Amino acid sequence: MRKISRFSVLSFIFWSSLILINFFYFQPFVDNTYFHSDVLFFKNDSWKYSIIVFILILIVFVVYGFKTNMIKIRIWNFALLALFSFFLSSLLKNFTDNFLLYINKKISHKSILIVYKVIENKENEVFELYDYKNFITYKEELDKINNQRINNNLKSVYDYKNNDTLQVSFNYGFLKVKYLE
């Protein structure tokens, strides 16, 4: 029977840990803290952070290759390393995005108060918040705002009537992504 190398075991533990941390810690944190639309906007714009991860992975591989004298830099080897680094950074994009959103909340820059107008139509079962630019229509997002208000001993969002106004406090992190406190 073939013996499993130490490197294989450590690699398996490392990658499994990254997947589990992302799935059980970072993803629920992001889902509970941010609005879905803000996360989508950030993930569409986060390609620049993936490039940084790509460059860091490439540097690690090149330094490791020089240190162990395993590679002699040839264009073909460098192209394969770059391709592998790109593939690896693409696989890590979700983890990187969630980690950055986690750090975004930990390093808060400023608070902002947004005034929303309540739009309610009981016949059509519509309840939305409108800030004269964007609508908040998803039940999950309305519930997040409602939980924040209840935790601060304020009136529930669902107690407001049509055309009432309410104020919601958001914080912006260092990546300029807003979140509820």
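The values are calculated or read from the model by the stated rules, or taken from the named source; none is laboratory data. As the structure is a computational prediction, the values presented were derived from the model and not from experiment. Positions of Cβ are backbone-derived with ideal geometry, glycine not excepted, and every protein chain shown enters the neighbour counts. Only protein heavy atoms, including side chains, enter the accessible area calculation; ligands, DNA and RNA are left aside. Shrake-Rupley method; radii C 1.70, N 1.55, O 1.52, S 1.80 Å.
Given Cβ point charges of +1 (Lys, Arg) and -1 (Asp, Glu) and nothing else, what value in debye, to the nearest 20, does the dipole of the range 1-108 about its Cα centre take?
Roughly 640 debye, rounded to the nearest 20.
Please list 3J(HN,Hα) in residue order for the range 101-107, calculated via the Karplus relation 6.51 cos²θ - 1.76 cosθ + 1.60 where θ = phi - 60°; whole Hz, with x for glycine and proline.
Values, residue by residue: 5, 5, 5, 4, 6, 6, 10 Hz.
Please name which of Ile55, Phe95, Phe23 has its Cα lying farthest along the dipole of the chain towards the positive end, using unit charges on Cβ (Lys, Arg +1; Asp, Glu -1) and the Cα centre as origin.
Ile55
Please give every one of the aspartates and glutamates within straight-line cross-link reach of Lys144, meaning a C-alpha to C-alpha distance under 20 Å, and leave out same-chain neighbours fewer than 8 residues apart.
Cross-link targets: Asp31, Asp38, Glu120, Glu125, Glu128, Asp131, Asp159, Asp164, Glu181.
Of all accessible surface on the chain at a 1.4 Å probe, what whole percent is carbon and sulfur?
63 percent
At 222 nm, what helix-only mean residue ellipticity would the chain give, in deg cm²/dmol to the nearest 500, using -39500 (n - 2.57) for each DSSP H run of four or more?
The helix contribution divided over the chain gives -17500 deg cm²/dmol.
Rounded to the nearest 0.05, what FRET efficiency do Ile55 and Ile119 give with R0 = 41 Å and r taken as the Cβ-Cβ distance? Could you check?
The value I calculate is 0.30.
Does the range 84-127 come out rounded, prolate or oblate, given a ≥ b ≥ c as the square roots of the eigenvalues of its C-alpha gyration tensor, rounded meaning a/c under 1.5 and, failing that, prolate meaning a/b above b/c?
oblate
Springs between alpha-carbon atoms under 10 Å, Gaussian network over the chain: tell me which of Leu80, Leu101, Leu92 tops the mean-square fluctuations.
Leu80
Suppose each label sits 7 Å from its Cα in the direction of the beta carbon; what would the Phe14-Tyr132 distance come out to in nanometres?
It works out to 5.3 nm between the two label points.
How large is ³J(HN,Hα) for each residue in the range 141-157, as worked out from phi by the Karplus curve 6.51 cos²θ - 1.76 cosθ + 1.60 (θ = phi - 60°), to whole Hz, x for Gly and Pro?
Along the range 141-157, the couplings run 6, 5, 5, 4, 5, 4, 4, 4, 5, 5, 5, 9, 6, 10, 5, 5, 4 Hz.
Looking at (i) 71, 38, 31; (ii) 83, 43, 24; (iii) 61, 48, 24, which value of Cα extents along the principal axes in Å comes from a calculation on the structure shown?
The calculated read-out lines up with (i).
Simple spin-label model, 7 Å along Cα-to-Cβ: Ser111 to Asp164 in nm?
Each label point is offset 7 Å from its Cα along the Cβ direction, giving 2.2 nm.
Can you run phi through the Karplus equation (6.51, -1.76, 1.60; θ = phi - 60°) for the range 3-20 and list ³J(HN,Hα) in whole Hz, with x for Gly and Pro?
Result, ordered by residue: 7, 7, 6, 4, 4, 5, 5, 5, 5, 4, 5, 4, 5, 5, 5, 4, 5, 5 Hz.
Could you give the nm distance between label points at Glu140 and Leu175, where each point is 7 Å from its Cα heading toward the beta carbon?
1.7 nm
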